[in-house]
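What follows draws every value from the coordinates through simple rules; no lab data is involved. These numbers were taken from a predicted model, which means no experiment stands behind them. Positions of Cβ are backbone-derived with ideal geometry, glycine not excepted, and every protein chain shown enters the neighbour counts.
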Amino acid sequence: MSLPVKSFDQLVNDQVTAAQAFANGVDDFSSGTIELALIQANADMGVWLEYIANYVLSLTRFATSSGVELDTAYAQFQYRRLPALAASGDILFSRMTANQAVQINVDATLKTLNNLQTFTVIEDTTNTFWSPLANAYIIPIGITSALIPARAVVPGADGNVLPNTITVIASPISGIDTVTNPLSFAGGRAAESDDNFRARFPLYISYLARGTPQAAQYVGASTPGVARFRFYENQTFAGAVQHGFFYLVIDDGSGNAPSTLIDAVQAAVTATVRPLAVYESVYSASPILMNISVDVALSSTGFQSTALTAIQTAINNYLAPPFQIDQGVPYSRVYQVIYDAYSQITDVTNLVLNGGTSDLPAVLNEVYVPGTLTVNFI
């Protein structure tokens, strides 16, 4: 909601019209007259009062507040905005010779080739190469490469980089010759937007009552790391009828949520929203690779390498949240995504999705994720 306001000129014109209508003999409102000066001063005060009223409205109403003011307004209900999350993935550390052991410390720094994104090695005690004694990763003699996890330094979606883009060693690592990320980094997202923050609030209010569908959905929407989810009740994971049972299907944006995230959501559902004598469970969505083959024509000023990167990025963005679990992919929509990816694309033909030329159907508890992309430039 916003207040109906008038501009300075509108306020002046309205007052002049009213004065001429009700005050006999007062008709000189030319520039420099006392009458016009009084009306302009009054209009100036009116504009200021309108600004104050709108500013107060923006600070005191959930529908019109934004940013920090919205955070402050919701804080009285102990309701918080979801923070930004950093993207993560695996880095392949390689070397030409393997005649000595190599140590890779936590916080070792890596960058993309364009130096726009920075990543650091993170601790993973389950990794084969992790050494508790050294508190670092050790690549032993005879091993030429190792996959080691890393995370973006700056949280946000910009850290979800494409494969083979993290190739710069920013901090010295003796014995390592090259680095790269064989797969895309995933899981990075910006802090919750004002619109999503407001949209979750009704679920939060229902969550306070617990034991409701909205409460279970609130847990799915609010657990850090969950990028999308679906809620089902009175049916099994396979779709059969089972009264007294509900479940959540979650995803972290990659199509394969880690067990730690599933356990966190499961614990929250069990502890806070599960009614007495009701069964529940939390599952990870299963990924379906969307493999694409397509012929693309470019203008004389287009570059194939730029087009290929742009198309891959556009496909990744299309299948990222808010693309939903159990959502199908219209065949014609992929044509549009490819056309819009790069301004120098002049024609797109012979599109093949997963071996066919029809829509990809929605599949229960599954989510489409980027697969192979084959672009034939014609």
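One equal scatterer on each Cα of the stretch 140-213, no solvent, Debye formula: the resulting log10 I(q)/I(0) at q = 0.11, 0.20 Å⁻¹ is -0.52, -0.95.
The modelled label-to-label distance for the pair V241/D28, using points 7 Å beyond Cα in the direction of Cβ, is 9.0 nm. For the stretch 317-328, the Karplus equation 6.51 cos²θ - 1.76 cosθ + 1.60, evaluated at θ = phi - 60°, returns couplings of 5, 5, 8, 6, x, x, 4, 9, 4, 6, 9, x Hz by residue, with Gly and Pro reported as x. When DSSP beta bridges are restricted to pairs lying wholly in the chain, around 70% turn out antiparallel.
The length gained on full extension between T128 and A63, counted as 0.36 nm times the residue separation minus their Cα-Cα distance, comes to 18.3 nm. Taking 0.890 mPa s as the viscosity and 25 °C as the temperature, the Stokes-Einstein diffusion coefficient of the chain based on its alpha-carbon Kirkwood radius rounds to 96 µm²/s. Phi angles of the stretch 139-152 translate, via the Karplus equation with coefficients 6.51, -1.76, 1.60 and θ = phi - 60°, into HN-Hα couplings of 9, x, 4, x, 9, 9, 8, 8, 8, 9, x, 9, 9, 5 Hz per residue; Gly and Pro are given as x. Here's how it looks for S65: its modeled amide H is under 5 Å from none belonging to a residue 5 or more places away or on a different chain.
Between N42 and A19, the simple label model (points 7 Å from Cα in the Cβ direction) yields a spacing of 0.7 nm.
When the Cα convex hull of the stretch 194-284 is projected onto planes of every orientation, the mean area is 5.9 nm². Measuring nothing but how far apart in sequence close Cα pairs (under 8 Å, 6+ apart) lie, relative to its length, the stretch 287-377 scores a relative contact order of 56 percent.
Here the scattering of the stretch 287-377 is modelled by Debye summation over its C-alpha atoms, one equal scatterer each and no solvent; at q = 0.20 Å⁻¹ the log10 of I(q)/I(0) is -0.90. Other residues with beta-carbon under 15 Å from the beta-carbon of A362 carry, at +1 per Lys or Arg and -1 per Asp or Glu, a net charge of -1. Spread over its residues, the convex hull of the C-alpha atoms of the stretch 88-180 is 88 Å³ per residue. At full extension, S299 and S171 could sit 41.9 nm farther apart than now, given 0.36 nm per residue minus the alpha carbon distance. Amide H to amide H, with H built 1.01 Å from N, Q235 comes under 5 Å of Q242, F245, counting only residues 5 or more places away or on other chains. Each other residue within a Cβ distance under 9 Å of I148 adds +1 if Lys or Arg and -1 if Asp or Glu, for a net charge of -2. Derived from the Cα gyration tensor, the three semi-axes of the equivalent ellipsoid of the stretch 241-310 are 45, 13, 8 Å, largest first.
Summary of the geometry: the stretch 172-207 and the stretch 289-328, compared by the centres of their Cα atoms, lie 21 Å apart. Taking the inverse of the mean 1/r over every pair of distinct Cα atoms in the stretch 8-60 gives a Kirkwood hydrodynamic radius of 12.2 Å.
Rounded to whole numbers, the Karplus 3J(HN,Hα) couplings from phi for the stretch 76-86 are 5, 9, 6, 10, 10, 6, 6, x, 5, 10, 8 Hz, using 6.51 cos²θ - 1.76 cosθ + 1.60 with θ = phi - 60°, and x at Gly and Pro. For the pair L113 and N99 in one chain, pulling the backbone fully straight at 0.36 nm per residue adds 2.2 nm over the alpha carbon distance. By the helix-only formula, in which each DSSP H run with n ≥ 4 contributes -39500 (n - 2.57) and the sum is divided by residues, the chain has a 222 nm mean residue ellipticity of -10000 deg cm²/dmol.
Close amide-amide hydrogen proximity is noted between L360 and V329, Y331, each under 5 Å apart and 5 or more residues distant or on a separate chain (H modeled in the peptide plane; Pro and chain starts excluded).
Our summary gives the stretch 8-60 a relative contact order of 40 percent, counting only alpha carbon pairs under 8 angstrom and 6 or more residues apart. Across N317, N135, N42, mean-square fluctuation computed from a Gaussian network of the chain (C-alpha pairs under 10 Å connected) peaks at N42.
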